[in-house]
1. What residue, among those in the stretch B:91-109 that are open to solvent by 50 Å² or more (accessible area, probe 1.4 Å) and more than 16 Å from DNA strand D (Cβ to nearest atom), is nearest to the other protein chains (Cβ to nearest Cβ)?
2. Output the number of the condition that A:Gly145 fails; it satisfies all remaining conditions of (1) free of Cβ contacts under 8 Å to residues at least 12 places away in the same chain; (2) more than 20 Å from B:Leu127 (Cα to Cα).
3. Could you count how many residues in the stretch A:62-82 are open to solvent by 30 Å² or more (accessible area, probe 1.4 Å) and over 17 Å from A:Val92 (Cβ atoms)?
4. Any residue in the stretch B:40-68 that is aliphatic (A, V, I, L, M) sitting within a Cβ distance under 7 Å of a residue that is open to solvent by 40 Å² or more (accessible area, probe 1.4 Å)? List the pairs, counting only those 6 or more apart or interchain.
5. Would you please name the residue that is farthest from B:Ala27 (Cα to Cα), looking only at residues in the stretch A:18-35 that are more than 8 Å from chain B (Cβ to nearest Cβ) and in contact (Cβ under 8 Å) with a residue 12 or more places away in the chain?
There are 2 protein chains.
Amino acid sequence: MDMAEQAVPGPELETVHLLRAVTVELALHSARFAHRNGMHPTDVRALIALMDASRGGEDIPVGRLGALLGLNSAGTTALIDRLERLGHVRRVRDERDRRRVLVEVDPRAVELGQEFFGPLTGRTVDLLKGYDERELAAVRGFLTGVREAVTDSAGQRP
Amino acid sequence: MDMAEQAVPGPELETVHLLRAVTVELALHSARFAHRNGMHPTDVRALIALMDASRGGEDIPVGRLGALLGLNSAGTTALIDRLERLGHVRRVRDERDRRRVLVEVDPRAVELGQEFFGPLTGRTVDLLKGYDERELAAVRGFLTGVREAVTDSAGQRP
DNA sequence: CCCCACTCTCTCGCTTAGCGAGATACTTGT
DNA sequence: ACAAGTATCTCGCTAAGCGAGAGAGTGGGG
């Protein structure tokens, strides 16, 4: 054993660090997109959340969007004001429950996002296409496991 | 083909979405840690960057920390003021080049971070320990590939 | 049928993270 | 020793997000 050497982590721990590095890079990438389009990171997160929901065919009222992003009602109003001013979303009264205001993403915003994130997504999909079934399952199992670990350790202390 | 059905993505695209979901969860987890300790997301990112550097035996001056986080000098000063006020870091004049001020992490901050992130890291390492060599290589190759794809598409448009 | 408690959103006033500009301290090449 | 360059900090400002509370709208019980 060489005590002068820094402790070298095993491949597993190194992989965890790698995952963290990737999340940092992705966050920076989002921030660049935001900056380039006169937005803030929160605005991008909001658009992503809205697109995810709309992909699932779900209508998103103002309050739900705020909850997804961890904002209070005042902050949520301000956020949607910004996005509306940029033409990325529209407010639509819910006719079922007229207290609620639904947030709709403008198709041009979707297009804008795909223009920016498309290449990255494409390259990643190509990378995965080179994997056989077991390797792909390993990657998915890893990501699923991490997600569960995060949500679990979140519920740990209320 | 059923046109009424939403387009079902292949397993590759679904995996990309899964990765995004994981990064979102990790960001929220970080935010919880920040909030619980009277900090902001940026402060946590700063601590992580400092710990990563110190693990590599690298001294971090104020300006470099700011650059890593994308802050300008004023913002960096304010950030370190906050962290110093909480006792998480110390400013130390670099005796080699007395213009520079190095930022040192307090051991108690490291401990605090490990207390919070340790369980998550541990569970992830355990998960990976169950993988054989090829599966582990697949996960690492995936993460490395994504990281490269991000940095590449970053350099695309200056 | 009409209240009254409840829910959803928005307004107001405030705190503070981060920016731009410029001042200050220190270093290095000539 | 000085000029040019680099690192950090100070000052004044913009605006993201919070707390509190004010409308709108809903729906169940008398």
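1. B:Pro107
2. A:Gly145 satisfies all of (1) free of Cβ contacts under 8 Å to residues at least 12 places away in the same chain; (2) more than 20 Å from B:Leu127 (Cα to Cα) except (2).
3. Summing the residues that are open to solvent by 30 Å² or more (accessible area, probe 1.4 Å) and over 17 Å from A:Val92 (Cβ atoms) in the stretch A:62-82 gives 9.
4. Filtered contacts from the stretch B:40-68: B:Ala49/B:Leu68; B:Met51/B:Val110.
5. A:Phe33
Conditions tested, residue by residue: (1) more than 8 Å from DNA strand C (Cβ to nearest atom); (2) closer than 22 Å to A:Arg20 by Cα; (3) in contact (Cβ under 8 Å) with a residue 40 or more places away in the chain; (4) under 20 Å from the mean Cα position of the chain (by Cα).
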site: B:Gly75; (1), (2), (3), (4): no, no, no, yes
site: B:Leu79; (1), (2), (3), (4): no, yes, no, yes
site: B:Gly87; (1), (2), (3), (4): yes, no, no, no
site: B:Arg99; (1), (2), (3), (4): no, no, no, no
site: B:Val105; (1), (2), (3), (4): yes, yes, yes, yes
site: B:Ala109; (1), (2), (3), (4): yes, yes, yes, yes
site: B:Arg123; (1), (2), (3), (4): yes, yes, no, yes
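The values are calculated or read from the model by the stated rules, or taken from the named source; none is laboratory data. Keep in mind that this is a model prediction, so the values were computed, not measured. Virtual Cβ from ideal backbone geometry, glycine too; neighbours counted across all protein chains shown. Ligands, DNA and RNA are stripped out before the accessible areas are found, and what is left, the full protein with its side chains, is counted by its heavy atoms. Shrake-Rupley method; radii C 1.70, N 1.55, O 1.52, S 1.80 Å.
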